[in-house]
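What follows is a short report on a single structure.
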Amino acid sequence: MMRLFIRSFLWVLWMASLLISSCRKREVALPDNYVGFENTSSGMAANENSITVKLKTIYNINAQKQIILKVTETGAAYGVKYTTVPAVQSGKIILVIPSGNNQVSFTINRMPNVLFDGDEKLVFELESSESPLLIGTSRSFTLSFSEIVANQPSMIIQGGGALFPNKVFVDLSANRQTAVLRTTWDLGFYTVGNEYRVILNSSTGMMAKAIQKTDISAVNSADTAGLTNELTFNQANPQPSQLPYIDYPNGDLTRTAIAAISPNPSENKVYIINRGVGVGNPMPSRGWKKVRILRNPSGGYTLQHADINSSTFATVEIPRDDTYFFRYVSFENGLVNVEPPKKKWDFAWTFFSNVTSFGGSEVPYLFQDIILINRNVEAARVMTSAKAFENFTESDLNGLTFSSLQNVIGADWRSGGGPNTPPAIRTDRYYIIKDGDNNIYKLRFTSLTQNGERGYPAFEAVLVKKGV
């Protein structure tokens, strides 16, 4: 009898263990993984030769998967007006998402020396995906071979995740975004008009201070004594005295850490620069540099830069270019492409050298999830208590107060983010954005995270008034 009881008891335990194991497996099972286009439509302007289109999955795949796109042409034949990489074969493009990745892309190229009427279009539709990958709701992408003014742009901003590696530039009318690794540049040189202004890479927390020398070769570590704490962000104990060493976050070019570049070379001092922090957890230091900036005879800039103790220096010439507001320089790579042309973006999402007050004087403070508008853009905030997003129309534009300060949206669109307050979007407000072509959109953010991870905020917008 006792043996029968023991056997029965052991059998019950064994069945219970199987049940618990089965439950645990179900608990850790990943949700369905969907693939879809990053954007649903875009345009290719006459001066653009190519465009890259991305598709993304919800989370990384553990084995490479094939997806097939069906291509429908309207007025544009393959090999006559356009080509793609990979190539279109029998009306389809085959793409492979690599193992351990969550995205794949293809490129559409405009054929050179071919006349376009402006009504040519291509539609790329997700036809099939390799199991267990499923096709999501963003299953098609339409390319117009002309500039478009999108009626309802929306997207998930590709900030790169919780380590916020990217600065992302968004063009509402083109329904397009451009993500750039935020450590790929150091200084920006204003190239519009006759002003000679230089900005720091505020997405890495750079700081700069002038010293009383004009010979960069004569500067060494003795000139940096005591600057380590003075030129380093202190999130635990921020200091108002550090404000002059950052670019003021509203974008005022008269309040940059580096003074206006004088036509008199003797007035252009050497600056000691803390390059701030890179991408990682913890964020690594990017080191220090000494720089001197002059006007060059062609109307641009001459940058001299070196390591602190170096007796020699490198030189970079930066020309003026009215296509852009700023041209950018990396200390490692010289001139680099960062922001799109000035008419090709409206706002940017980024990690940022901001200011806060904590109830007292303003102090420098590093923020994640900051929205900055372009220099030719204006924005205004509307509270839903005054007018619901769905009900806002062109007639409601009267009486709005627009601002061109680059941080007019800033961190206003989200709340929290501290150790005791999880971040979240604010649903009681939205924004009216007037772009450089006077197109006016109403825009609201719909999420701060994707699958619980920061660095992938989403928004939707509606065209309120088309520019003339």
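The values are calculated or read from the model by the stated rules, or taken from the named source; none is laboratory data. Just so it is clear, the structure is predicted and the values come from calculations on it, not from any experiment. Every residue, glycine as well, gets a Cβ built from its backbone with ideal geometry; the counts of neighbours run over all protein chains shown.
A few notes on this one:
- The set of residues in the range 229-253 that are closer than 22 Å to residue 412 by Cβ and surrounded by 15 or more Cβ atoms within 10 Å (Cβ to Cβ) comprises 233, 238, 243, 246, 247, 248, 249, 250, 251.
- Candidate set from the range 345-361 (those that are at pLDDT below 95 and not hydrophobic (A, V, I, L, M, F, W, C)); member that is surrounded by the fewest Cβ atoms within 10 Å (Cβ to Cβ): 359
To keep it simple, each residue is scored yes or no on (1) free of Cβ contacts under 8 Å to residues at least 40 places away in the same chain; (2) closer than 26 Å to residue 166 by Cα; (3) outside any loop (DSSP other than H, G, I, E, B).
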position: 367; (1), (2), (3): no, yes, yes
position: 372; (1), (2), (3): no, yes, yes
position: 376; (1), (2), (3): no, yes, no
position: 379; (1), (2), (3): no, yes, yes
position: 386; (1), (2), (3): yes, no, no
position: 395; (1), (2), (3): yes, no, yes
position: 401; (1), (2), (3): yes, no, no
position: 427; (1), (2), (3): no, yes, no
position: 468; (1), (2), (3): yes, no, no
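- All of 146, 128, 105 fail the test of being more than 29 Å from residue 62 (Cα to Cα) and either in contact (Cβ under 8 Å) with a residue 60 or more places away in the chain or part of a strand (DSSP E or B) (or both), apart from 146.
- Test: residue 286 is more than 23 Å from residue 225 (Cα to Cα) and either free of Cβ contacts under 8 Å to residues at least 12 places away in the same chain or among the basic types (Lys, Arg) (or both): no
- Qualifying residue in the range 178-187 (condition: out of contact with any Phe, Trp or Tyr (no Cβ under 6 Å at 6 or more places or on another chain) and either of a type in the set (Phe, Trp, Tyr) or farther than 30 Å from residue 305 by Cα (or both)): no
- Checking residue 212 against (1) within 20 Å of the chain's Cα centre (by Cα); (2) assigned to a loop (DSSP other than H, G, I, E, B), the condition it does not meet: (1)
- Residues within the range 158-209 that are outside any strand (DSSP E or B) and among the acidic types (Asp, Glu), tallied: 2
- Every pair of residues 6+ apart whose Cβ atoms lie under 6 Å, when the first sits in the range 438-450 and is within 17 Å of residue 402 (Cβ to Cβ) while the second is modelled with pLDDT under 95 and of a type outside the set (Val, Ile, Thr): 438/467; 439/467
- Residues that are loosely packed, with under 11 Cβ neighbours inside 10 Å and at pLDDT below 95, drawn from the range 78-113: 100, 112, 113
- Within the set 365, 441, 456, 430, the sole residue that is of a type in the set (Phe, Trp, Tyr) and touching a helix residue (DSSP H, G or I) at 6+ places or on another chain (Cβ under 9 Å) turns out to be 430.
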